[in-house]
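The values are calculated or read from the model by the stated rules, or taken from the named source; none is laboratory data. Since the structure is predicted, the reported quantities are computational estimates derived from the model, not experimental observations. Neighbour counts run over all protein chains shown; Cβ positions are idealised from the backbone, glycine included. The area values use the complete protein model at the heavy-atom level, side chains included, leaving out ligands, DNA and RNA. Shrake-Rupley method; radii C 1.70, N 1.55, O 1.52, S 1.80 Å.
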Amino acid sequence: MDPGADGALNCRTPSPRPQIGGVRSSFAPWEDPAARPLVRFDGVSKAFGDTVAVKAVDLSIYEGEFFALLGPSGCGKTTLMRMLAGFESPDAGRIMLEGRDIQADPPHRRPVHMMFQAYALFPHLNVAQNIGFGLRRQGMAKAEIAGRVEEMLALVKLEGLGGRRPDQLSGGQRQRVALARALAPRPRILLLDEPMAALDKKLREETQFELMSLQQSLGMTFMIVTHDQDEAMVVADRIAVMREGRIVQAGRPAEIYEAPADRYVAGFIGDVNLFEGRVSAAEGPLLRLQAGDDRFDAEGAAAVGDQVWLAVRPEKIAIHLDPPADPRNRLAGKILDYGYLGDWTTYLVEVAPGRTIRAARANTTRAVDRPLGCGDPVWLTFAPSSAVVLTK
Amino acid sequence: MKGGKSGLAAILPFLWLALFFAFPFLLVAKLSFSDTALAMPPYAPRIDWSQGLAGLQAFFAALDGETYARLTRDRLYLDAYLSSLRIAATGTGLLLLIGYPLAYGISRCPPAVRQALVMAVILPFWTSFLIRIYAWIAILKPAGILNAALGALGLPPVDILNTETAVLLGLVYAYLPFMVLPLYAVLEKQDESLIEAAQDLGATPLQAFWRVTFPLSLPGAAAGALLCFIPMAGEFVIPDLLGGSETLMLGRVIWTEFFANRDWPAASAVAIVLLATLVVPILLFEREQGKVLR
């Protein structure tokens, strides 16, 4: 294998591990109290019959942001997006666009465009007519429409395909047409409903990066709905994790990953090992925890006697073949199973009968003759600052 | 083994067509080139199989296009032909006007209601076609239900039985399911997200209908129109029962030639002309459209 080619590929393709640090660390209008949100959900609720889809959601999205609504299917994220587009109306609360309540506006009067999950391209119109559909509705002159359509085709790299019908395109091309169609009338915010669900993994990863660069070069506001945590991590400036109609946590990808608000978020974003215990002592920021027979040290905020959960990510757990000298945060066990992913190997370590811990190790050297195998006794350690103390 | 099975499956439709379309069609075509005769059956020539090949040659020599020439000489046939086309076209237009909103309305209903409404459209088929047409006589006749109702409302009576209006009423009534069902089929399976996409891109609900729903439903409208227009052009029972003597349609001309005039060649020629000038061009058009839609 040519290591050069491999390296070049890794620069374009995101690793399956989430990126830490986000895309643009300096961009954070949500931290500025003077910033005026572009979109504001104000106590928005929605029920379908007896099923509550969205419960009292408060959320602000700012100009130029790439915002992700992340959650499992049925968590209300699509309903929230459809309410912004105008296809559903909230039972309670207000939705504001640029400070104006848009409740009374029907979908066709909202400067909000959506890229539909199955693309919803008009099958009787060709690519150029599809892209020009919104422009014609705006009453733009024919020549101007043609110019803009060409511009959009170039933007999504579909030059020369304007005359094709949607059924003559590949899945990836259809996705680009849908994107161009929604972008052409220059919406104030572009909504993307699971935009990459129909693409294969490779194409999905490429498209994620193209979407990011497109969003930044156009300086537009994007809001994406996805159930794929990797996708949300890669593309978004900020992620809101939804569960059962509520927003559990909203923040930068790294905040969500490194400082999850609760066990649900910790488990939904990436893998996590949880230790249930009680705070037995506190020394400044350092908490001493008793979890069954194990004692752990971790940094966090909790009072002595509180029930807490210690969340440790697999990649923050080190694997040792010999017992480490420091007895703190040390667990002995044997390797039950492992999964070799190429760049990483995930080990399943049994520390007590029926109790397993996940530990991940970057394969920084070519481990052809693997030093670790099933049944090997190992010691696991993690730093007190690597663990997160969760109170709920 | 496998090849043989699929071969048979492929041949069956052709066998069906050959047996029930091509063969009768050839018989009728042969008849149209014969002459009337005072015989049983009432036409000549007939193949004299005892003469062998010579008999067959004599038979073909005796066939001529004289009947067709006769059709062009008598205005009656042209008038009946044009009148049939006009009535069938008017009926198809009315069916589209009535059937489209009906099919669209059904397709917008909740699924459970849709099923019931489709059932209601098909339900009249459970009663004999003839009885239903006779019922229209009872409704439209001078002292019938319609005039009784008009009288009760203080309106003057109408006398429309045995007029073209009655024929159109009967045709629209009888063919409505054939228009509604294909239209409903395309409207019902139309992707709701297309309408949402159109509205999302700035189309009003009315624009979304005209720009998206309507063009996408045209294949259904074409199928419904074909399904109604062709049989209506050759319809016999409805014009005979509701149209009286003043409504001239080809179906009745064929019947008269066969049974009243015992002119089998003329009846066959009219049928062939109808087929050649109406059905064949329409089917060719349909094939072209199929290519476009592919």
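Taking the DSSP beta bridges in chain A as the whole, what percent of them are antiparallel, to the nearest 5? About 75 percent, rounded to the nearest 5. Each Lys or Arg adds one and each Asp or Glu takes one away; over the other residues whose Cβ falls under 14 Å from the Cβ of B:LEU56, this sums to +1.
Solvent-accessible surface (1.4 Å probe) assigned to A:ARG288 amounts to roughly 80 Å². Measuring nothing but protein heavy atoms, the accessible surface of segment A:271-390 at 1.4 Å probe radius is 50 percent carbon and sulfur. Qualifying trypsin sites (Lys or Arg not before Pro) in segment A:148-202, where qualification requires a DSSP coil assignment and no more than 12 other C-beta atoms within 10 Å, comprise A:LYS157.
Where does the charge balance sit around A:MET81 when Lys and Arg score +1, Asp and Glu -1, over other residues with C-beta under 14 Å from its C-beta?
Values: positive: A:LYS46, A:LYS77, A:ARG82, A:ARG110; negative: A:GLU88, A:ASP193, A:GLU194, B:GLU196, B:ASP200.
Spelling it out: positives minus negatives among the neighbours equals -1.
Remark on segment B:3-129: Rg and Dmax equal 24.4, 71 Å (Cα only). Of the residues A:PRO185, A:PRO353, A:PRO123, the one that moves most in a GNM of chain A with alpha-carbon contacts below 10 Å is A:PRO353. The residues of the protein assembly as shown expose, per residue, 50 Å² of accessible area to a 1.4 Å probe.
Taking only the C-alpha atoms of chain A, Rg followed by Dmax gives 24.4, 77 Å. What the pair-distance distribution of the protein assembly as shown shows, using all Cα-Cα distances binned every 20 Å from zero, is 13, 31, 26, 18, 10, 2, 0 percent. For chain B, adding -39500 (n - 2.57) for each run of n ≥ 4 DSSP H residues and dividing by the number of residues yields -22000 deg cm²/dmol at 222 nm.
At a 1.4 Å probe radius, which order do A:ARG246, A:ARG366, B:ARG252 fall into by accessible area, largest first? Kindly include the intermediate steps, with their values, before the conclusion.
Values: A:ARG246 125, A:ARG366 210, B:ARG252 50 Å².
Output order, biggest surface exposure first: A:ARG366, A:ARG246, B:ARG252.
Give, as ranges by residue number, the residues of segment A:375-390 whose backbone N falls under 18 Å from the point 7 Å along Cα→Cβ of A:ALA291. Once the point is set 7 Å along Cα→Cβ of A:ALA291, A:378-390 turn out to lie under 18 Å by backbone N, inside segment A:375-390.
Based on the Kirkwood approach, the hydrodynamic radius assigned to segment A:271-390 is 14.9 Å, with every pair of different Cα atoms included.
When +1 charges are put on Lys and Arg Cβ atoms and -1 charges on Asp and Glu Cβ atoms, the dipole computed for the protein assembly as shown relative to its Cα centre reaches about 680 debye. Heavy-atom accessible surface of A:ARG278, to the nearest 10 Å², is about 120 Å², with a 1.4 Å probe and all protein chains retained.
Here's how it looks for A:GLU65: its modeled amide H is under 5 Å from those of A:PHE222, which are all 5 or more places away or on a different chain.
Positive end of the dipole of the protein assembly as shown (Cβ unit charges, origin at the Cα centre): among B:GLY99, B:TRP264, B:ALA208, the Cα lying farthest that way belongs to B:TRP264.
The amide H of A:LEU336, built 1.01 Å from its N in the peptide plane, has A:LEU348, A:VAL349, A:GLU350, A:GLY375 as neighbours under 5 Å, considering only residues 5 or more places off or on other chains.
Going by accessible surface with a 1.4 Å probe and the largest first, B:ILE98, A:ILE317 read B:ILE98, A:ILE317. For segment B:202-244, a reduction of at least 10 Å² in accessible area between the chain on its own and the assembled protein chains (probe 1.4 Å) is found at B:GLY202, B:ALA203, B:THR204, B:PRO205, B:GLN207, B:ARG211, B:VAL212, B:PRO215, B:LEU216. Using the Cβ-Cβ distance between A:ALA259 and A:GLU159 with R0 set to 45 Å, the FRET efficiency works out to roughly 0.50. Counting only protein heavy atoms and using a 1.4 Å probe, what share of the accessible area of chain B belongs to carbon plus sulfur, as a whole percent? Summing carbon and sulfur atoms, their accessible area is 73 percent of the total for chain B. Pairing chains A and B buries close to 1700 square angstrom of accessible surface in total, based on protein heavy atoms and a 1.4 angstrom probe.
For a Förster distance of 22 Å, can you work out the FRET efficiency between the beta-carbons of B:GLU286 and B:TRP16, rounded to the nearest 0.05?
0.65
Close amide-amide hydrogen proximity is noted between A:GLN249 and A:VAL241, each under 5 Å apart and 5 or more residues distant or on a separate chain (H modeled in the peptide plane; Pro and chain starts excluded). The ellipsoid that matches the Cα gyration tensor of chain B has semi-axes, each √(5λ) in whole angstrom, of 42, 30, 17, with the longest given first. Mean projection of the Cα convex hull over all viewing directions, computed for segment A:73-215: 9.6 nm². Contact-buried residues of segment A:62-94, at a threshold of 20 Å² lost accessible area versus the chain by itself: A:ARG82, A:PHE87 (1.4 Å probe; DNA, RNA and ligands ignored).
Kirkwood hydrodynamic radius of segment B:132-241, from the reciprocal of the average inverse Cα-Cα distance over all distinct pairs: 16.8 Å.
With the simple model of a label 7 Å out from the Cα in the direction of the Cβ, B:TYR134 to A:SER89 spans 5.5 nm. Label positions at A:SER385 and B:ARG75, each projected 7 Å from the Cα along the C-beta direction, are separated by 10.8 nm. Between A:ALA104 and B:ALA29, the modelled labels are 7.1 nm apart [label points 7 Å from Cα along Cα→Cβ]. With viscosity 1.002 mPa s and temperature 20 °C, the Kirkwood radius over alpha carbon pairs of segment A:119-198 converts through Stokes-Einstein to a diffusion coefficient of 171 µm²/s. Taking 31 Å as the limit for the C-alpha separation, the pairs A:LYS77/B:LYS189; A:LYS55/B:LYS189; A:LYS201/A:LYS334 exceed it in the case of A:LYS55/B:LYS189; A:LYS201/A:LYS334.
In terms of accessible area, using a 1.4 Å probe and ignoring ligands and nucleic acids, A:VAL234, A:VAL52 rank largest first as A:VAL52, A:VAL234.
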